[in-house]
Amino acid sequence: AQQSATVANPVPGANPDLLPHFLVEPEDVYIVKNKPVLLVCKALPATQIFFKCNGEWVRQVDHVIERSTDGSSGLPAMEVRINVSRQQVEKVFGLEEYWCQCVAWSSSGTTKSQKAYIRIAYLRKNFEQEPLAKEVSLEQGIVLHCRPPEGIPPAEVEWLRNEDLVDPSLDPNVYITREHSLVVRQARLADTANYTCVAKNIVARRRSASAAVIVYVDGSWSPWSKWSACGLDCTHWRSRECSDPAPRNGGEECRGAYLDTRNCTSDLCVHTASGPEDVALYVGLIAVAVCLVLLLLVLILVYCRKKEGLDSDVADSSILTSGFQPVSIKPSKADNPHLLTIQPDLSTTTTTYQGSLCPRQDGPSPKFQLTNGHLLSPLGGGRHTLHHSSPTSEAEDFVSRLSTQNYFRSLPRGTSNMAYGTFNFLGGRLMIPSTGISLLIPPDAIPRGKIYEIYLTLHKPEDVRLPLAGCQTLLSPIVSCGPPGVLLTRPVILSMDHCGEPSPDSWSLRLKKQSCEGSWEDVLHLGEEAPSHLYYCQLEASACYVFTEQLGRFALVGEALSVAAAKRLKLLLFAPVACTSLEYNIRVYCLHDTHDALKEVVQLEKQLGGQLIQEPRILHFKDSYHNLRLSIHDVPSSLWKSKLLVSYQEIPFYHIWNGSQQHLHCTFTLERVSPSTSDLACKVWVWQVEGDGQSFNINFNITKDTRFAELLALESEGGVPALVGPSAFKIPFLIRQKIITSLDPPCSRGADWRTLAQKLHLDSHLSFFASKPSPTAMILNLWEARHFPNGNLSQLAAAVAGLGQPDAGLFTVSEAEC
């Protein structure tokens, strides 16, 4: 009776007119390597079952169908199977994942199964965060962070201690957090070991770099011993040992004395007169002291005599140790002998400075004396060449002398990222070509009678450890100017690019400076400057100009205040100039939008034999913790084949945001079907998840097309790395002095430096200009830094002439007169 009831009322129903009911539905599955996966559906009652994948019906010939009759209900059942290959999944482009579902029919209608998502399983090689070595004291907590590589399915994490698995169930002192960090509640000596984070999924198993954890023990004193008996010298003593506990694994030694003595009073204490041995000891000590004093006096006398031959007015330490820095003083224009330019001679070697400099002639000639007057007199029309060397030996000698000081040990050992020269009160300019980095030394910034050898250096972020906290990010190159500690009477102006999108609501910008001890300090918070501060900054859309009276190593750092904070990334596409194989690589670089980053990549691609294949684009990368994705699609399958195994590549967010990694790029490898294929048409997409994106439409001939090669040449800067004296400035020296004399005094009609600042859109810095002895000089110095060498001097002359001063006609000068 029970069986007949089951037949009469089956589950889901005995009536053939019921809608199909799925007994087996497709489930989510992962494709490992190139093995296809099997999807299965089974339903009753069912007359037909077909698979639909990503909205398209699967062909009937690809279905494997088995028909049967359900034994308990007598209803017709059907089971269908299909295979899904890796190639089918890879054809899907975009953010949508590949899915399949079953659709079953009966006489009453249709029923759809759940969607099954098919994903390509992978596990990247690089960990997003690896554990770092630590030194902790006994019983202190230990936290080792680990963020496994990105993978599908997500990787499982386990920890190894000296290659043995860490099992929290066996050690209650250890546990693993949800974020995969290993936590040791209280460090024990046994916890000193090498720890490795291991990530694994169905595809692969990855190991992080091992982190050495050292648990140290600081030494502590044992209790004091008992006092000794009172001696004949009326003292007694006691001792202790650094053994409770003894220092271990590099722990600190005990501080303090291990022996303690005191005076004592006792019947046995008898004072005795000094014996002959004590007298001899005192006489010997006095004799040694007298000898040391005489030796010190002799050394001081020898030092003073040697120093008499040096000119006291030369204030550069390199001149006193390694000779006068090579320069060549010559007119830069035939009709203007005032303009002086540093041009290294290529002929002779460096000679040591001995108080005077001689002209390079074969026969005897009068000496060119170095006096307290103008070092580079603008009145001379002849050519004077000081003893100097070839640029290569000269640069190596300069860098080797700098490297003898601890502060300069990280200076680059080449000259492509360095400029240097010798300057006096006339001032000058240092520039590192094609980087946007320069140092303006205004007139009278160096005291009269002094000569400084000044350098300007660009550092690679990986060579200088700049600690960043929280949401801070590096926005500018790291630049050094020096030597530190030289006396300046006027601020110099350091110019450098930055890649931030300035907005007071989105950014908190700080200027950092490295001290001689190596630590970094915030010397300026932009927007909160005090007028009398040693540092000041004029921030513009893509560059910043730092006023400083102290030379050193600087960097501009930003801290995001909201997710709207964005950095400008420059996107560059490079490919080989000549393609001799079937493979063709397209490299997509994601750089800070600064000239120095562009220069590094251009030099790298020249070594690799690459060429630019598309016009560069700008992408605004926001502080949203989302990664940057890159993909290529619409590749003509009849001519090319993409070797990319996934639908897109990713650059992790923090790799871009911290700003310390250069040359970030992804490579797309294409393979030609035929060696004769030369035309390439495809699209490259670069976008931040839930953020900005750019699309490149590539359509060119890989063997002939070079139309984008000239774009980078247009962006490069030329010019001499070092300019001395009047040639370093757009404004002629005499006209500059007249402008300063005329505009510095306050004017009741408002025709003074304040009005000039407003005309030049610098009125937000009036308080800073007013704090200086010559506000007009500060304004002109900033104009020089912003507009050299392509500034329009006529516009400045018009602004000055429009102030209504009686001598305004003196300032109307054309470019030809300069």
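The values are calculated or read from the model by the stated rules, or taken from the named source; none is laboratory data. Note that the structure is predicted; figures quoted are calculated from it, not measured. Neighbour counts run over all protein chains shown; Cβ positions are idealised from the backbone, glycine included. Note: areas computed on protein heavy atoms with side chains; ligands, DNA, RNA excluded. Shrake-Rupley method; radii C 1.70, N 1.55, O 1.52, S 1.80 Å.
One residue stands out in the range 514-529 among those that are assigned to a loop (DSSP other than H, G, I, E, B) and open to solvent by 40 Å² or more (accessible area, probe 1.4 Å): the one that is nearest to D444 (Cα to Cα), namely E529.
Here's a check for you: in the range 459-473, which residue that is open to solvent by 10 Å² or more (accessible area, probe 1.4 Å) and in contact with a helix residue (DSSP H, G or I) (Cβ under 9 Å, 6 or more places away or on another chain) is nearest to S434 (Cα to Cα)? Filtering the range 459-473 for residues that are open to solvent by 10 Å² or more (accessible area, probe 1.4 Å) and in contact with a helix residue (DSSP H, G or I) (Cβ under 9 Å, 6 or more places away or on another chain), the one nearest to S434 (Cα to Cα) comes out as K460.
Those strands (runs of 3 or more DSSP E) of the range 427-513 in which 1 or more residues are out of contact with any Gly (no Cβ under 8 Å at 6 or more places or on another chain) occupy 428-432, 437-441, 452-459, 478-482, 492-497. Taking strands (runs of 3 or more DSSP E) as the structural unit, those lying wholly within the range 572-685 and holding at least 2 residues that are open to solvent by less than 40 Å² (accessible area, probe 1.4 Å) correspond to 583-592, 610-612, 617-622, 628-633, 649-651, 665-672. Consider N585 carefully, then state whether it is within 30 Å of A121 (Cα to Cα) and at pLDDT 90 or above. Answer is yes for this residue.
Residue count for the range 630-641 satisfying the condition of being touching a Leu at 6+ places or on another chain (Cβ under 9 Å) and touching a residue at least 60 places away in the same chain (Cβ under 8 Å): 1.
Which condition from (1) open to solvent by less than 70 Å² (accessible area, probe 1.4 Å); (2) more than 17 Å from S210 (Cβ to Cβ); (3) under 36 Å from the mean Cα position of the chain (by Cα) is the one that E156 breaks? E156 satisfies all of (1) open to solvent by less than 70 Å² (accessible area, probe 1.4 Å); (2) more than 17 Å from S210 (Cβ to Cβ); (3) under 36 Å from the mean Cα position of the chain (by Cα) except (1).
Determine whether the range 611-622 contains at least one residue that is of a type in the set (F, W, Y) and more than 16 Å from G693 (Cβ to Cβ). Among the residues of the range 611-622, not one is of a type in the set (F, W, Y) and more than 16 Å from G693 (Cβ to Cβ), which makes the answer no. Look at (1) open to solvent by 50 Å² or more (accessible area, probe 1.4 Å); (2) assigned to a loop (DSSP other than H, G, I, E, B) and you find that Y216 fails only one, number (2). Checking each residue in the range 174-198 for being farther than 11 Å from L138 by Cα, of a type outside the set (S, T, Y) and outside any loop (DSSP other than H, G, I, E, B) picks out V174, I176, L182, V183, V184, A193, N194, C197, V198.
Would you call V24 β-branched (V, I, T), farther than 13 Å from A104 by Cα, touching a strand residue (DSSP E or B) at 6+ places or on another chain (Cβ under 8 Å) and without any contact (Cβ under 8 Å) to a residue 60 or more places away in the chain? Here the answer is no, as V24 does not meet what is asked. Just one of (1) open to solvent by less than 30 Å² (accessible area, probe 1.4 Å); (2) touching an Asp or Glu at 6+ places or on another chain (Cβ under 8 Å); (3) among the hydroxyl-bearing types (S, T, Y) fails for T489. It is (1).
Residues that are of a type in the set (S, T, Y) and touching a strand residue (DSSP E or B) at 6+ places or on another chain (Cβ under 7 Å) within the range 81-112 comprise Y98, T110, T111, listed in sequence order.
Counting only helices (runs of 4 or more DSSP H) that sit completely within the range 701-805, those holding 3 or more residues that are within 30 Å of I613 (Cβ to Cβ) and modelled with pLDDT under 90 correspond to 709-715.
For the range 174-210, enumerate the residues that are charged (D, E, K, R) and open to solvent by less than 30 Å² (accessible area, probe 1.4 Å). If the condition is that a residue be charged (D, E, K, R) and open to solvent by less than 30 Å² (accessible area, probe 1.4 Å), then D191 is the only one that fits. For the range 767-780, filtered to residues that are more than 17 Å from T548 (Cβ to Cβ) and open to solvent by 50 Å² or more (accessible area, probe 1.4 Å), the residue that is nearest to the chain's Cα centre (by Cα) is S767.
Scan the range 127-139 and give yes if some residue there is touching a Leu at 6+ places or on another chain (Cβ under 8 Å), open to solvent by less than 80 Å² (accessible area, probe 1.4 Å), touching a residue at least 40 places away in the same chain (Cβ under 8 Å) and among the aliphatic types (A, V, I, L, M), otherwise no. Looking through the range 127-139, at least one residue is touching a Leu at 6+ places or on another chain (Cβ under 8 Å), open to solvent by less than 80 Å² (accessible area, probe 1.4 Å), touching a residue at least 40 places away in the same chain (Cβ under 8 Å) and among the aliphatic types (A, V, I, L, M). Which of the residues that make up the range 39-61 are surrounded by fewer than 12 Cβ atoms within 10 Å (Cβ to Cβ) and outside any loop (DSSP other than H, G, I, E, B)? Selection gives E56, W57, Q60, V61. For residues that are in contact with a Cys (Cβ under 9 Å, 6 or more places away or on another chain) and surrounded by fewer than 17 Cβ atoms within 10 Å (Cβ to Cβ), scanning just the range 686-710, find the one that is nearest to L604 (Cα to Cα). The residue in question is T703. Going by the conditions given, is A541 closer than 30 Å to C666 by Cα, touching a residue at least 60 places away in the same chain (Cβ under 8 Å) and open to solvent by 20 Å² or more (accessible area, probe 1.4 Å)? Answer is no for this residue.
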